Amino acid sequence: MKYFLCFLLSAILCFIVVALLFFNKNNFVIIDHVNFQTKKKEFTFTVTAAKGRDVQMMERRFQDFKEENPEYKNLKLYRTTPINYLKIGKWVGYRANPAWTYPKLPFWKR
């Protein structure tokens, strides 16, 4: 009986993993888009790797923004796109892409 329950639980777990992998929309895309902003929305940017708008471009534009507006020289950039841990196909992208290493700005502080 103990082995049957173990087998049944592992079968259910495998079914859930397969369902998440193959029935989620766009789950194998490394990165769709990641939104960034400062706390008071003085600067916003959307990273879309497929269009060439990568993290390096965002960092350059943010530096240019701070140089053009000296009153904002102490601004910090935050990620506003949440990580969805249910999309197993994106886990590698969450670890490999530098866009996901930025600190997350909670929705109540926006």
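The values are calculated or read from the model by the stated rules, or taken from the named source; none is laboratory data. These numbers come from a predicted model, not from an experiment. Every residue, glycine as well, gets a Cβ built from its backbone with ideal geometry; the counts of neighbours run over all protein chains shown.
Here are some notes:
- Positions within region 62-103 being surrounded by 13 or more Cβ atoms within 10 Å (Cβ to Cβ), charged (D, E, K, R) and either modelled with pLDDT of 95 or more or under 13 Å from residue 38 (Cα atoms) (or both), in sequence order: 66, 79
- Residues located in region 60-108, provided they are in a helix (DSSP H, G or I), farther than 30 Å from residue 17 by Cβ, in contact (Cβ under 8 Å) with a residue 12 or more places away in the chain and out of contact with any helix residue (DSSP H, G or I) (no Cβ under 6 Å at 6 or more places or on another chain): 61, 62, 65
- Answer residue from region 46-64, given it is touching a strand residue (DSSP E or B) at 6+ places or on another chain (Cβ under 7 Å) and among the basic types (Lys, Arg) and is farthest from residue 98 (Cα to Cα) among those: 61
- Residue in region 13-25 that is over 18 Å from residue 104 (Cα atoms), crowded, with 16+ Cβ neighbours inside 10 Å, modelled with pLDDT under 90 and not hydroxyl-bearing (Ser, Thr, Tyr) present: no
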